[in-house]
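Written out below as structure tokens is the structure these notes cover.
The values are calculated or read from the model by the stated rules, or taken from the named source; none is laboratory data. Bear in mind that the values here come from a model prediction, so they are computed numbers and not experimental data. Here the Cβ positions follow ideal geometry from the backbone for every residue, glycine too, while neighbour counts run over all protein chains shown. These area figures cover heavy atoms from the full protein model, side chains too; ligands, DNA and RNA do not enter into them. Shrake-Rupley method; radii C 1.70, N 1.55, O 1.52, S 1.80 Å.
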Amino acid sequence: MAITDAQIKERANYIGGSDAAAALGLSRWMSPLKLWGIKTGALPPDDLSDNEAVEMGQELEDSVARIFTKRTGKKLHRVNETVYHPKYPFLAANLDRRVVGEDAIAELKTCSAYRVNEFEEDIPAEFICQVMHYMACTGKSVAYVAILIGGQTFRWKKVLRDEDFIEKMIAKEVEFWEKYVMTKIMPTVITSQDSDTLFGLYPNADEGEAIVLDDTANAIIESLQGMDADNKALEKQIEKSKNELKAMLKDHSWGKTNLYNVTWRNQTTNRLNVDKLRDEMPEVAAKYLDAKPSRVLRVKKIKEPK
């Protein structure tokens, strides 16, 4: 259903179905840290006003509902209110539809054609967490997930209520809210997704005295240095393998094995010479220079006293 500005602000006060996977650390799109930042107000909610995919999804929701009814014979009823968990008011559900005559709900989705393989056998973990969260809040026994993929492929799946899954999920959501959101203590789980989140939380570096880090930092640094060395060695091996293929091709633009085609063709890449532009047309360069703030992480070994 279409999300209003008021609903976006209200959602900061609870964990919704679309937050469930992130709270459990199972989301590919949002980390626990980013979710924590949004729920505590340290970060603004994602701005979806200019997101064309979200807009198209909202516009096509009724179409997905009609297709689902046509394919299954099940009638759907639109839901306009937020449903709260009977025990935990900070867990809530913004439902798309209820299924008429069944103890069931329906979640209506659209997605890119590139994700079609995700729905061949099952549905992504994020959707499972979402509808299980909804069933936990509503007490419903069944959820249907209907997906229009790339505007031309339709899939629907039936998800049965799993009490064991719901019990464990609710326990983790409650822990996330009470242990981290209510106390505003940062979650301990940091992921590869969190670069922009950490800069959003801490955009300005205090140039005062150094903070004292413990042995955990030493262990992370030593691990990082090992991975960096392994990565450099791997990059060299990759380049060596590429060069071996180039040496085989010589002046031929392409070659083939019984399994692969290999090409090494000429091409020209046009790049803007920023230094030359600054020298010859400094006013133009300054006008189009886009300064993006950031913080740079560097690690340097402290010299031991002789």
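For residues that are in contact with a Lys or Arg (Cβ under 8 Å, 6 or more places away or on another chain) and not in a loop (DSSP other than H, G, I, E, B), scanning just segment 178-199, find the one that is farthest from residue 22 (Cα to Cα). Filtering first and then ranking leaves 199. Within segment 195-218, residues that are among the small types (Gly, Ala, Ser) have Cβ atoms under 7 Å from residues that are open to solvent by 60 Å² or more (accessible area, probe 1.4 Å) in these pairs: 205/295, counting only partners at least 6 apart in sequence or on another chain. If a residue must be among the charged types (D, E, K, R) and under 32 Å from the mean Cα position of the chain (by Cα), how many such residues does segment 268-299 contain? Total satisfying the criteria: 5.
Scanning segment 184-206 for residues that are of a type in the set (S, T, N, Q), open to solvent by less than 100 Å² (accessible area, probe 1.4 Å) and farther than 14 Å from residue 38 by Cα turns up 191, 193, 195. Note on segment 208-306: enclosed helices (runs of 4 or more DSSP H) holding 1 or more residues that are of a type outside the set (Gly, Ala, Ser), surrounded by 10 or more Cβ atoms within 10 Å (Cβ to Cβ) and in contact with a Phe, Trp or Tyr (Cβ under 8 Å, 6 or more places away or on another chain) are 215-249. For segment 114-158, the set of residues classified as part of a loop (DSSP other than H, G, I, E, B) and over 17 Å from residue 70 (Cβ atoms) consists of 120, 121, 122, 123, 124, 139, 140, 141, 150, listed by residue number.
Residues satisfying the criterion are present in segment 100-113 (criterion: farther than 17 Å from residue 162 by Cα, in a helix (DSSP H, G or I) and either open to solvent by 50 Å² or more (accessible area, probe 1.4 Å) or at pLDDT below 95 (or both)). Among the residues of segment 66-99, those identified as surrounded by 20 or more Cβ atoms within 10 Å (Cβ to Cβ) and outside any loop (DSSP other than H, G, I, E, B) are 68, 76, 91, 92, 93, 94, 97, 99. With the condition kept exactly as written, say whether any residue in segment 175-187 is among the acidic types (Asp, Glu) and at pLDDT 95 or above. Yes - at least one qualifying residue is present in segment 175-187.
Across segment 99-110, the number of residues qualifying as in contact (Cβ under 8 Å) with a residue 40 or more places away in the chain and over 18 Å from residue 82 (Cα atoms) comes to 3. You will find that of 275, 279, 290, the residue that is under 30 Å from residue 201 (Cα atoms) and not aromatic (Phe, Trp, Tyr) is 290 and no other.
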